[in-house]
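Contents: one structure, followed by commentary.
All of the numbers you see were taken from the coordinates with simple rules; none came from a lab. It should be emphasised that the depicted structure is a prediction, and the values quoted were computed from it without experimental measurement. Neighbour counts are summed over all protein chains in view; Cβ atoms, including those assigned to glycine, are modelled from backbone coordinates with ideal geometry.
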Amino acid sequence: MKIIKHKDITWIDVVKPSKKDIEFIAKQHKFHPIILDELIHTSARTRVESYGQYLFLTYHMPIYDQKTKTSRKAEIDFLITKKKVITVRYEELEPINNFMRNIANSPHFKESAMDNTGKLIYSLIEEIINFCERQLSHIEENITNLTKSLFDGKEDLMLRKISYIKRDLLDYMVINRPQEIILKSLKETGVKFWDNSIVVYLSDLIGDHLKVMQRLENYKQIAESLEETNAQLLDAKINLIMQKFTILAFLTVPLLIVLQLFSIDAFNEIFGGSDTNFFFASMAIIITITVISLLIFKKKRWL
């Protein structure tokens with residue numbers, strides 16, 4: 001637990017809350033017991049709730065997992081009064097740690113961010129949204145690499161990589177999209193809890209969140225275009241392979257016909273009934289027919 005104060009504003013940050021931490025939080029304000037119980041574990045949904053003298057906000061953010069190659073959900077809970085902001089998180093989170101360092105290293109930033117609890121909430125969520133936008137860099141990098149290797153002839157590998165990107169985009173959207181509703185709800189609730197001066201800050205959060213979602217939509221469209229192009233290349237390759245197999249199958253027809261003819265005794269008598277003559281005659285006919293067929297296919301550009 002870390003406590004940062006500036007004038008009459010206090011920020012209390014709790015990581016992996018224990019029962020002692022919850023007891024400490026309970027002493028800070030008359031928070032509802034049900035709210036305090038929910039702080040022990042993560043919540044399934046995000047929300048903004050007003051309890052008159054304080055707000056309870058649950059915010060989810062996506063974090064990219066290198067092992068699973070997709071984004072997972074992380075949660076931050078906010079208890080907000082007119083003089084205090086209490087953040088509860090269940091793991092170390094880079095944006096919160098960055099924000100804490102900025103406050104420690106920049107008195108000017110601290111003065112601005114901790115002017116009141118409304119500005120503090122704005123600054124914290126702004127840092128989270130900026131982090132979410134930076135998280136998109138790995139998707140952009142993966143898409144760029146896929147675009148460069150689209151025509152390398154490795155369609156099966158491309159299909160797997162595109163599937164990973166689409167899954168990551170889907171998981172990211174599932175986590176991040178509901179936060180738009182939360183931010184709009186926070187704007188409506190914030191005006192009543194603070195005053196109209198907070199509207200411009202909370203509106204800015206909605207706009208920044210929208211930029212992240214627009215980037216996600218752009219990446220989604222690019223991934224779908226890559227998938228479609230890759231599927232067309234794969235179909236073309238399969239058709240070419242099938243065409244070659246069809247031609248090879250057709251080339252065996254003369255061989256079968258000649259062999260069937262030479263199995264007839266009357267046809268064999270034409271070559272004097274000699275096994276040697278029979279063999280060389282059959283081979284000559286097969287080779288001639290095969291060469292002629294290959295020349296025709298070559299001229300027609302079927303091979």
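Going by average Cβ neighbours within 10 Å, how do the peptides 193-199, 125-131 rank, with the highest at the top?
125-131, 193-199
Cα centroid separation, the stretch 155-184 to the stretch 56-95: 19 Å. Of all aspartates and glutamates in the structure, the ones whose alpha carbon falls short of 14 Å from that of LYS220, not counting any fewer than 8 places away in one chain, are GLU140, GLU141, ASP168, ASP171, GLU228.
The label point for SER43 and the one for VAL15, both projected 7 Å from the Cα toward the Cβ, are 2.3 nm apart. In the chain, which whole DSSP H runs stretch at least 24 Å along their own axis (Cα) and average 0.0 or higher on the Kyte-Doolittle scale? Membrane-span-like by this rule: 117-135, 199-262, 275-299.
Between MET1 and ARG134, the modelled labels are 2.9 nm apart [label points 7 Å from Cα along Cα→Cβ].
Placing a label point 7 Å from the Cα of LYS211 along the Cα-to-Cβ line, the residues of the stretch 170-203 whose backbone N sits under 14 Å from it are 203.
Over the chain, Cα pairs under 8 Å with separation of 6+ residues give a relative contact order of 15 percent.
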